[in-house]
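Single-structure report; data block below.
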Amino acid sequence: MPRRRRRSRVSALEGGREEEAPPEAAAVPSAPLTSQQQTEAAAERILLRGIFEIRRGSCDVVLSERALRWRPILPERPAGDSKYDWLCKEEFIELKDIFSVKLKRRCSVKQQRSGTLLGITLFICLKKQQNKLKNSTLDLINLSEDHCDIWFRQFKKILAVMEYEGHALSLLKECELQGFDGVVCVGGDGSASEVAHALLLRAQKNAGMETDRILTPVRAQLPLGLIPAGSTNVLAHSLHGVPHVVTATLHIIMGHVQLVDVCTFSTTGKLLRFGFSAMFGFGGRTLALAEKYRWMSPNQRRDFAVVKALAKLKPEDCEISFLPFNSSDDVQERREQRSPKSDCNDQWQMIQGQFLNVSIMAIPCLCSVAPRGLAPTTRLNNGSMALIIARNTSRSEFIKHLKRYASVKNQFNFPFVETYTVEEVKVHPRNNTSGYNPEEEDETASENGFPWNVDGDLMEVSSEVHIRLHPRLISLYGGSMEEVNDSKVTCNCF
């Protein structure tokens, strides 16, 4: 009897399917690898494998740690027929030549910021003759949202400059900044906020100030450039008016700089971090839920967290004190020397009760699902913050309020929503534990305290949080923003 050939199987990350290796692969005897071969094999470890359309042809695409390779998929042909061999030639690009990646979408005139997913676009740097460089693109076409999201996240992970959370902070604390004109961050809101925080901490250290207790911080010594490469890009969108990579890059090249207000977040007198916006209540709990499901794709994780937070919607019992904004004060004077009126108790106002969400924002917070901004009346450097409070109401009414952000209608035109223009805010939770019933499951509960969403990063604090605005504290590369249009964007969370 003829020997029966074994068939090996290799897994491929495309909807969980597996594809069979050709029988010949199992028939080749394996020989011991030399140390050099083992090193090369490790460098070529396969990360993903799937099917994309490239240059109008279906291709078997393999992503390793060093290169992206693809080979056209052709119909089976009789053994020995070699007339199509030239079509089966493998092509590749080295990952070191890829400098950016984005999701490719078909956008109509009415859909300027979102549209039907087509696949992934890679931006490549090519070397021509005489040391000239040229940029090019490669489209990987696949209509599957989940499939493209897995590949997109893997490309983003490979292209990421920061190796771990807090890496930028540790680098900017120690590196010599005298020989640089600015710092550029390629990433999303979390990365941008971390770099801004690091630059400001470094400025306090250089000024000989304590970095854990800061009353009047000094301005960052270098401007910060933000090239949007995240999922929301709220900070870059608010800065430029559009989340456009070329626009952000050209502002940096041209040296367009503007001063931007920054907040300090502290508790019991100790600085927690610098930031631009924060949400407590629904916004914080949604982010805490999303962090527990990071194995999901970003879009799935976001939508799942929003729906689950709405399903378990409960108010927080807290006391909110705030110092109203006085537009008669000179912003520059207030930045240089903090007004003593912070100590005047008669100027502080206080409200208390059951609140579903509390937002404190020093920037407009523009994003794809809120084209007018989460805080439309706030500007980048007018010396004030927007305090937006949603009191306890029915789930249906709260959802109506959330959906208004994606439309041209006034999202604050509800009896349970209150807005204030402020300089300082203190949020003091009055529950010893979270607002949920202790007998009920609460996936956002933590020993570290209540969840806060600060610039898209989770911050957990067990006591009162004091948010103070510091006018024009950091310089960001960007020009004056034109008025945002009122084009309607559909939010897919609801």
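Among what's in segment 401-417 and is of a type in the set (D, E, K, R) and surrounded by 15 or more Cβ atoms within 10 Å (Cβ to Cβ), pick the residue that is nearest to PRO471 (Cα to Cα). Among them, the one singled out is ARG404.
When residues in segment 391-437 are screened for being closer than 23 Å to LEU235 by Cβ and outside any loop (DSSP other than H, G, I, E, B), 10 of them pass.
Out of HIS237, HIS256, one residue alone is over 13 Å from GLY479 (Cβ atoms) and modelled with pLDDT of 90 or more. It is HIS237. Mind checking whether some residue in segment 476-490 is open to solvent by less than 20 Å² (accessible area, probe 1.4 Å) and modelled with pLDDT under 70? Checking segment 476-490: at least one residue is open to solvent by less than 20 Å² (accessible area, probe 1.4 Å) and modelled with pLDDT under 70. I'd like the full set of residues that are open to solvent by 10 Å² or more (accessible area, probe 1.4 Å) and part of a loop (DSSP other than H, G, I, E, B), limited to segment 273-296. Within segment 273-296, LYS292, TYR293, ARG294, TRP295, MET296 meet the criteria. Among the residues here, GLY241 does not qualify as open to solvent by 30 Å² or more (accessible area, probe 1.4 Å), over 18 Å from ILE360 (Cα atoms), small (Gly, Ala, Ser) and in contact (Cβ under 8 Å) with a residue 24 or more places away in the chain. Within segment 383-415, the only residue that satisfies the criterion of being in contact with a Lys or Arg (Cβ under 7 Å, 6 or more places away or on another chain) and either farther than 28 Å from VAL262 by Cα or hydroxyl-bearing (Ser, Thr, Tyr) (or both) is SER407.
Among residues of segment 226-264 being β-branched (Val, Ile, Thr) and assigned to a strand (DSSP E or B), the one that is farthest from LEU159 (Cα to Cα) is THR264.
Restricted to segment 212-226, and to residues there that are open to solvent by less than 30 Å² (accessible area, probe 1.4 Å) and touching a helix residue (DSSP H, G or I) at 6+ places or on another chain (Cβ under 8 Å), the residue that is modelled with the lowest pLDDT is ILE214.
Residue pairs whose Cβ atoms lie under 6 Å apart, separated by 6 or more positions or on different chains, with the first residue in segment 191-211 and farther than 12 Å from LEU473 by Cβ and open to solvent by less than 10 Å² (accessible area, probe 1.4 Å) and the second in a loop (DSSP other than H, G, I, E, B) and not hydroxyl-bearing (Ser, Thr, Tyr), are SER193/ASP455. Scanning segment 260-271 for residues that are crowded, with 19+ Cβ neighbours inside 10 Å and either closer than 23 Å to ALA375 by Cα or modelled with pLDDT under 90 (or both) yields VAL260, ASP261, VAL262, CYS263, THR264, PHE265, SER266. For the criterion of being of a type in the set (D, E, K, R), modelled with pLDDT of 90 or more, under 30 Å from the mean Cα position of the chain (by Cα) and outside any loop (DSSP other than H, G, I, E, B), ASP303 fails. Just for segment 418-443: of the residues that are modelled with pLDDT under 85 and of a type in the set (S, T, N, Q), which one is most open to solvent (accessible area, probe 1.4 Å)? It comes out as ASN432. Please go through segment 167-190 and give me each residue that is in contact (Cβ under 8 Å) with a residue 12 or more places away in the chain and open to solvent by less than 30 Å² (accessible area, probe 1.4 Å), ordered by number. Matches in segment 167-190: ALA168, LEU172, LEU177, GLY182, VAL183, CYS185, GLY187, GLY188, ASP189, GLY190. All conditions but one from (1) more than 21 Å from the chain's Cα centre (by Cα); (2) open to solvent by 20 Å² or more (accessible area, probe 1.4 Å); (3) closer than 17 Å to MET279 by Cα apply to SER384; the one that does not is (2).
Selection within segment 256-291: residues that are touching a helix residue (DSSP H, G or I) at 6+ places or on another chain (Cβ under 8 Å) and of a type in the set (Lys, Arg). The member of this set that is nearest to ASN382 (Cα to Cα) is ARG273.
Could you list all residues from segment 157-186 that are outside any helix (DSSP H, G or I), at pLDDT below 85 and of a type outside the set (A, V, I, L, M, F, W, C)? GLU163, TYR164, GLU165, GLY166, GLU176, GLN178, GLY179 - these are the residues of segment 157-186 that are outside any helix (DSSP H, G or I), at pLDDT below 85 and of a type outside the set (A, V, I, L, M, F, W, C). Summed over segment 453-467, the residues that are more than 17 Å from ARG302 (Cβ to Cβ), of a type in the set (A, V, I, L, M) and open to solvent by 40 Å² or more (accessible area, probe 1.4 Å) give a count of 0.
The values are calculated or read from the model by the stated rules, or taken from the named source; none is laboratory data. Fair warning: this is a prediction, and the values are worked out from it, not measured in the lab. Glycine also receives a Cβ, built like all others from the backbone with ideal geometry; neighbour counts cover every protein chain displayed. All accessible areas refer to the heavy atoms of the entire protein, side chains included, with ligands and DNA or RNA removed. Shrake-Rupley method; radii C 1.70, N 1.55, O 1.52, S 1.80 Å.
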